[in-house]
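Beneath this line is the structure, given in structure tokens, with notes to follow.
The values are calculated or read from the model by the stated rules, or taken from the named source; none is laboratory data. None of the values given here were measured: they were computed from a predicted structure. Note that we place each Cβ from the backbone using ideal geometry, even for glycine, and neighbour counts take in every protein chain shown.
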Amino acid sequence: MNVSQKSFRFSVLALLLIAILTMAACGNNTNNAKEADNTKINVVTSFYPLYFLASEIGGDQVHAVNLVGAGVEPHDWTPKSRDLDAASKAQLFLYHGVGLEGWIDAFLKGLSKDSTVVTREMSKGVTLIEGSGDEHEHEEDDDHDHGVMDPHTWNSPKSALILAENVKNSLIEVDAANKAVYEKNYEALKQKLVALDEEYTSKLAQTTNKNIVTSHQAFGYLARDYGLKQVAIMGLNPDAEPRAQDLLAITKFVKENDVKYIFFEELVSDQLAKTLASEAKVKTMVLNPLEGLTREQEKEGETYLTLMERNLQNLVQALQ
Amino acid sequence: MGQSNSNTSSSTSCHQEVISLENVSFSFQQQAVISDLSFAVKERDFIGLIGTNGAGKTTLLRMIVGLLKPTSGTIRLFGENVNEFKQWERIGYVPQKNNFNPLFPATVHEVVMSGLYGRNKIFKKISKADYKKSDDALLAMGIFDLKDKRIGQLSGGQQQRVFLARALINNPSLLILDEPTKGIDTETQESFFHMIKHMHQHHNITFLMVSHDLDMIRSYLGEQAADQNGKLKFHIKHSHETQDCVENDLTHSLKGLREQMESRKEVVLIGDRN
Amino acid sequence: MEIVTSEFFQRALIGGLLIGVTAPLMGLFLVLRRLSMIGDTLSHVSIAGVALGFLIGVYPVAMGLVFAIAASFAIEKLRKAYKTYAELSIAIIMSGGVALASLLFSMGKNINVSSYLFGSIFTLNSTDLYVIGAVTVVVLIAIRTQVKELFLLTFDEDAAAVSGLPVKFYNVMISVLTALVISVSIKIVGALLVSALLTIPAACSLIVARSFKQSVITVVIIGELAVVIGLLIAGIWNLAPGGTIVLLLIAVLLVLLAFRRGVRTGN
């Protein structure tokens, strides 16, 4: 009895120790990244594409911090008190809007009272499209995540151009002294984005098939701007239970329209896309909705631009 | 009870020690429930145990059958330390009236058969002989025709017979009964005790029984408690006081028990049939 | 009806049929031992294991199993510490599991949380089916050979101990088998609904069965019927399959309750 009690005590202590170490390790991870830098303009962004734009345009003048960390689905993310703190201490807080950040209202209210942070919505100026897809009725519980409009603007280079301009204007607003630097950086980025847009336009125009089947209805703007038709496996929210008739309908669509690849996104499990692909006897391929980077992508130095390039390659291959 | 131990130790060799306790104590949350108890139960003894609530009756029985470990002291069953004891089929145990859910889906037959499923029987299939044993136990207890009833539908007295039948199915040498007649009407209690007495007189079984029924204990085991430990009182009917070693009409088979009981049907059937 | 010929539906049917046998069987023993809440608890802890599996790149179901087994031992430990308030241990472990799961999910990547909370039977792959099949074989062999002992233990634990049954061994066996069944069922009905598949068939059998043997047969029949009919209904009318199966089980229970009442007043 004594022995088992001792071993029980030992295992409890060991478990606690492991738990504390894990938490400490995770805590540290995000801590460093979100620390404010007093020598620069601190910009907090809600998700990756804005972070990318802010760091490109801000250059050395700006210390950009992204709230939704590497590898996390923005739909599943909730702000923690440290995030509020980081945003309160910053000079500029950029968010996308159109309901992408379901938590934004509470977050803005939660910013500390004496904070001087300027908050700006970046999607202003993008011509929005209706959120619900043609095939699939809107799920009731979608509404708390997204508005009625489709928030996934950044997947089209055309809207990325508008986002970039908004970011530049916001930076100038809080740091007019460095206006020239921001304008210069913006011009450089704009050229890259325009080149990307032209490449999308020309290459996608040559494809024979125009139907893309995706696991998450995140490519509405891309489809609109480049003449494609998006069929999403699920509605707008990646978190709904798959139903048989939906699967069957998409399988049919895939077969009838000679679709060769089913796209899945990296931040959500691929099991659904795989199920469909094996049902319809086609292959799966990644189409990154660019809501965030995984840790590996971060390490390999991938950016919005390189991933958009990869998306285009995959699209072209799938639509041949 | 150590002091009186001397008068039982002079028994003849056939009166083997079935249960023996040496300086057994038990305490729960620093409170002594049983302290320094020693006594021996010999073959074919009938021990009646009485005591107020909290005297430690059930605790004592649970220690004897190995469900509780004594704080100190040694308990032996058939000469072997209870911790190493393996021949559990020699012991029939009827716990205090089971508070099983009346909805529990089990027939009388299934419950009685479960008495056979102890250690050493893992992977053993149920044989025809096993069914026969169950029938014998049911017949001996006069509940054969309740065999396919759900246990929860039976009256308290009938249920108690089911548990006794389960305890008897292995043809045990020692029966340990914890308040077998608790919550049963007087008439049924009487018939139950008749049955127990009969089994004791004509069958080779040693009894250890906790009861709150003083009349029965006194009338069968004597007015005076033979011994006392704290609030526990022991009424004892020693086998060597009434019986010789060689006993001709003494049986030790389930079938024998059944035949005896059937021949005395009036005892078995009094009272508790509805 | 073309749904029936599609591969994903057939895989769902096979997985469902396998779980439809094992979950109700294990559930019967849990319910009869008044431990029905354990199913809920283990499934929530199992979810934490699934999350950890994704995080460190181990087959999530296996990680879920490890967590479920650990939790079942923790419950036993706590049960002993709080003897008279045994249900406390269940509540504590359950909230611990949910807390750990939410922590791990928030750190995680690539996890479709809802597919483990609400199930995702139409996306079973062949690995899942092999694992479920293996678990089913283990559970069926264990129950087939040990049903007598399990009955004795379930009916009267004290008597089981006195008749020499290694009670501890059997308690561990029930815990491990339950953990096995729960961790593989999660993908089918989801963590939130696993306990329904464990407990409702057993609840039905308490109404219908007149013997232990009958109750074993009843839970299996009800489990299988609910899975097959539930999948067909969900398939044809495009409903969420996990939820449909569970609601169907509850409907069966209500019908049986009503029927029993009818019989009683009729008498």
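Looking only at residues that are among the small types (Gly, Ala, Ser) and crowded, with 23+ Cβ neighbours inside 10 Å in segment A:217-231, which one is modelled with the lowest pLDDT? Write out each step before concluding.
Within segment A:217-231, the subset among the small types (Gly, Ala, Ser) is A:218, A:220, A:223, A:227.
Still in the running and crowded, with 23+ Cβ neighbours inside 10 Å: A:218, A:220.
On the way: A:218: 83, A:220: 90.
The qualifying residue modelled with the lowest pLDDT is A:218.
Looking at segment B:67-86, which of its residues are within 30 Å of residue B:135 (Cβ to Cβ) and more than 8 Å from chain C (Cβ to nearest Cβ)? Don't jump to the end; show me each part of the working.
Start the filter on segment B:67-86 by keeping residues that are within 30 Å of residue B:135 (Cβ to Cβ), which leaves B:67, B:77-78, B:85-86.
Result: B:77, B:78, B:85.
With the requirement that a residue be in a loop (DSSP other than H, G, I, E, B) and within 13 Å of chain B (Cβ to nearest Cβ), what does segment C:117-170 give you? Steps first, please.
So in segment C:117-170, the residues in a loop (DSSP other than H, G, I, E, B) come out as C:118-120, C:124-125, C:156, C:163-166.
Result: C:156, C:163, C:164, C:165, C:166.
Across segment A:255-310, which residue is farthest from residue A:197 (Cα to Cα) among those that are basic (Lys, Arg) and within 12 Å of chain C (Cβ to nearest Cβ)?
From segment A:255-310, those basic (Lys, Arg) are A:255, A:260, A:274, A:281, A:283, A:295, A:299, A:310; that's our starting set.
Of the ones still in play, those that are also within 12 Å of chain C (Cβ to nearest Cβ) are A:255, A:274, A:281, A:295.
On the way: A:255: 30, A:274: 30, A:281: 33, A:295: 27 Å.
Among residues in segment A:255-310 that are basic (Lys, Arg) and within 12 Å of chain C (Cβ to nearest Cβ), the one farthest from residue A:197 (Cα to Cα) is A:281.
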Answer yes or no: is there a residue in segment C:239-257 that is within 14 Å of chain A (Cβ to nearest Cβ), under 19 Å from residue C:187 (Cα atoms), free of Cβ contacts under 8 Å to residues at least 12 places away in the same chain and over 17 Å from the mean Cα position of the chain (by Cα).
-> yes
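Return the only residue of B:98, B:120 being under 16 Å from the mean Cα position of the chain (by Cα), within 11 Å of chain C (Cβ to nearest Cβ) and at pLDDT below 85.
On the way: B:120 fails: under 16 Å from the mean Cα position of the chain (by Cα).
Testing whether each residue is under 16 Å from the mean Cα position of the chain (by Cα), within 11 Å of chain C (Cβ to nearest Cβ) and at pLDDT below 85 leaves just B:98.
For residue B:148, indicate whether it is in contact (Cβ under 8 Å) with a residue 40 or more places away in the chain, surrounded by fewer than 21 Cβ atoms within 10 Å (Cβ to Cβ) and either within 13 Å of chain C (Cβ to nearest Cβ) or assigned to a helix (DSSP H, G or I) (or both). Working first, answer last.
Working: in contact (Cβ under 8 Å) with a residue 40 or more places away in the chain: yes; surrounded by fewer than 21 Cβ atoms within 10 Å (Cβ to Cβ): yes; either within 13 Å of chain C (Cβ to nearest Cβ) or assigned to a helix (DSSP H, G or I) (or both): yes.
Judged against the criteria, residue B:148 is a match.
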Taking segment A:286-302 only, how many residues are closer than 17 Å to residue A:47 by Cα and crowded, with 18+ Cβ neighbours inside 10 Å?
-> 7
Taking segment B:47-66 and keeping only residues that are within 14 Å of another protein chain (Cβ to nearest Cβ) and β-branched (Val, Ile, Thr), one is left with B:58, B:59, B:64, B:65
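Output yes when any residue across segment C:187-210 is of a type in the set (D, E, K, R), within 14 Å of chain B (Cβ to nearest Cβ) and either in contact (Cβ under 8 Å) with a residue 40 or more places away in the chain or in contact with a Pro (Cβ under 8 Å, 6 or more places away or on another chain) (or both), and no when none is. Break it down stepwise before answering.
Within segment C:187-210, the subset of a type in the set (D, E, K, R) is C:187, C:210.
Then drop every residue that is not within 14 Å of chain B (Cβ to nearest Cβ), which leaves C:210.
Then drop every residue that is not either in contact (Cβ under 8 Å) with a residue 40 or more places away in the chain or in contact with a Pro (Cβ under 8 Å, 6 or more places away or on another chain) (or both), which leaves C:210.
Checked against the condition, which is being of a type in the set (D, E, K, R), within 14 Å of chain B (Cβ to nearest Cβ) and either in contact (Cβ under 8 Å) with a residue 40 or more places away in the chain or in contact with a Pro (Cβ under 8 Å, 6 or more places away or on another chain) (or both), segment C:187-210 yields at least one hit.
Is it true that some residue in segment A:69-92 is under 21 Å from residue C:55 (Cα atoms) and at pLDDT 85 or above?
No - not one qualifying residue is present in segment A:69-92.
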Is it fair to say residue C:71 is more than 25 Å from residue C:227 (Cβ to Cβ), in contact (Cβ under 8 Å) with a residue 60 or more places away in the chain and either in a helix (DSSP H, G or I) or out of contact with any Phe, Trp or Tyr (no Cβ under 7 Å at 6 or more places or on another chain) (or both)?
-> yes
If we scan segment B:203-219, do we find a residue that is part of a loop (DSSP other than H, G, I, E, B), in contact with a helix residue (DSSP H, G or I) (Cβ under 9 Å, 6 or more places away or on another chain), modelled with pLDDT of 80 or more and of a type outside the set (Val, Ile, Thr)?
-> yes
Taking segment A:29-59 and keeping residues of a type outside the set (Val, Ile, Thr), surrounded by 10 or more Cβ atoms within 10 Å (Cβ to Cβ) and modelled with pLDDT under 75 leaves A:29, A:31, A:33, A:34, A:35, A:36, A:37
So, in segment C:101-116, of the ones that are crowded, with 20+ Cβ neighbours inside 10 Å and either more than 9 Å from every other protein chain (Cβ to nearest Cβ) or at pLDDT 85 or above (or both), which residue ends up farthest from residue C:189 (Cα to Cα)?
-> C:104
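Name the single residue, out of those in segment C:31-51 being part of a helix (DSSP H, G or I) and surrounded by fewer than 23 Cβ atoms within 10 Å (Cβ to Cβ), that is modelled with the highest pLDDT.
The initial filter retains those residues of segment C:31-51 that are part of a helix (DSSP H, G or I), namely C:31-32, C:37-51.
Filter once more, so that each one left must be surrounded by fewer than 23 Cβ atoms within 10 Å (Cβ to Cβ): C:37, C:40.
Details: C:37: 83, C:40: 86.
If we take residues in segment C:31-51 being part of a helix (DSSP H, G or I) and surrounded by fewer than 23 Cβ atoms within 10 Å (Cβ to Cβ), then C:40 is modelled with the highest pLDDT.
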Sort out which residues of segment C:171-211 are closer than 15 Å to residue C:227 by Cα, in a helix (DSSP H, G or I) and of a type outside the set (A, V, I, L, M, F, W, C), and write them in order of number.
-> C:185, C:187, C:195, C:199, C:201
Applying the selection to segment C:16-59, what residues are free of Cβ contacts under 8 Å to residues at least 12 places away in the same chain and over 16 Å from the mean Cα position of the chain (by Cα)?
-> C:53, C:56, C:57, C:58
Any chance segment C:125-132 includes a residue that's surrounded by fewer than 19 Cβ atoms within 10 Å (Cβ to Cβ) and either touching a Ser or Thr at 6+ places or on another chain (Cβ under 8 Å) or over 27 Å from residue A:246 (Cβ atoms) (or both)?
-> yes
Kindly indicate whether residue C:265 is of a type outside the set (A, V, I, L, M, F, W, C), assigned to a helix (DSSP H, G or I), at pLDDT 90 or above and surrounded by fewer than 24 Cβ atoms within 10 Å (Cβ to Cβ).
-> no
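Can you confirm whether segment B:45-57 contains a residue that is aromatic (Phe, Trp, Tyr) and in a strand (DSSP E or B)? First the steps, then the outcome.
To start, the set of residues in segment B:45-57 that are aromatic (Phe, Trp, Tyr) comprises B:46.
Next, from what is left, pick out any that are in a strand (DSSP E or B): B:46.
Checking segment B:45-57: at least one residue is aromatic (Phe, Trp, Tyr) and in a strand (DSSP E or B).
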So residue A:283 clears everything in (1) buried (at least 20 other Cβ atoms within 10 Å of the Cβ); (2) of a type outside the set (S, T, N, Q); (3) at pLDDT 80 or above except one condition, right? Which one?
-> (1)
